[in-house]
Amino acid sequence: MIRPLLRMGHPILRQTAHKVSVADIQSADFQQFLSDMRESMKHHGGIGLAAPQVGESVQVAVIELEEGKNRYGSTEGLPFTIFINPVLEVLDMATQGFWEGCLSVPGLRGFVERPRKVKVTYLNERGEEKILIAENFLATVVQHELDHLWGHLYVDRMEDMRLLSFQEEFQQFYGQAPSLDEEDV
Ligand code: ZN
């Protein structure tokens with residue numbers, strides 16, 4: 001089932017999402033929800049989606065990133081991955097900046113600097129503990145997505161609000177900048 005998106009201003013997007021128990025992960029209802037998350041992400045054209053964006057305040061995010069699908073060209077991809085109860089650790093405090101977009105902040109792009117290398121420890125759809133080391137563009141996508149689970153939107157992470165742009169003006173004036181391209185997360 002495709003779920004409608006919440007937009008900035010909805011209080012659920014500002015809440016800290018609840019952890020999910022392993023027993024709950026294995027329930028039929030939750031497995032259906034994971035299926036809904038995947039379907040909804042694809043339907044809405046995102047490369048990532050977090051559960052609060054579809055109105056469920058639980059610690060679940062999904063990401064699917066095709067290899068090289070942004071202006072940096074050589075960026076590593078990530079096959080469809082479900083992150084449950086993720087814990088983020090920064091491995092390299094050096095930052096990198098991308099123009100980000102968000103399905104919950106439609107029509108806008110903003111420049112955000114984030115750490116360039118992170119480690120995520122999480123449970124997968126079977127409740128098994130997994131680790132992902134993400135660098136470069138993927139690190140930004142992961143941090144954007146997990147931020148949704150703590151009630152943060154990318155606009156909170158912007159240091160210079162002058163670098164917030166409507167999509168059309170972004171393409172007109174910043175079109176060559178490193179960005180998430182047409183993608184929202
Ligand atoms: Zn987002």
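The values are calculated or read from the model by the stated rules, or taken from the named source; none is laboratory data. Just so you know, these numbers come straight off a predicted model, no measurement behind them. Please note: Cβ atoms are built from the backbone with ideal geometry, for glycine as well, and neighbour counts cover all protein chains shown.
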Identify, from the list D147, D184, D156, the residue that is within 18 Å of F83 (Cβ to Cβ), within 15 Å of the chain's Cα centre (by Cα) and either surrounded by fewer than 17 Cβ atoms within 10 Å (Cβ to Cβ) or at pLDDT below 95 (or both).
D184
Only one of (1) among the basic types (K, R); (2) within 14 Å of the ligand (Cβ to nearest atom); (3) surrounded by fewer than 16 Cβ atoms within 10 Å (Cβ to Cβ) fails for K42. Which number is that?
(2)
Tell me, please, whether a residue that is in contact with a Ser or Thr (Cβ under 8 Å, 6 or more places away or on another chain), of a type in the set (K, R) and within 14 Å of the ligand (Cβ to nearest atom) can be found in segment 126-145.
no
Given the structure, is F111 within 16 Å of the ligand (Cβ to nearest atom), of a type in the set (F, W, Y) and modelled with pLDDT under 95?
no
Over segment 49-95, the set of residues among the aromatic types (F, W, Y), modelled with pLDDT of 95 or more and either part of a loop (DSSP other than H, G, I, E, B) or under 26 Å from R14 (Cβ atoms) (or both) is F83
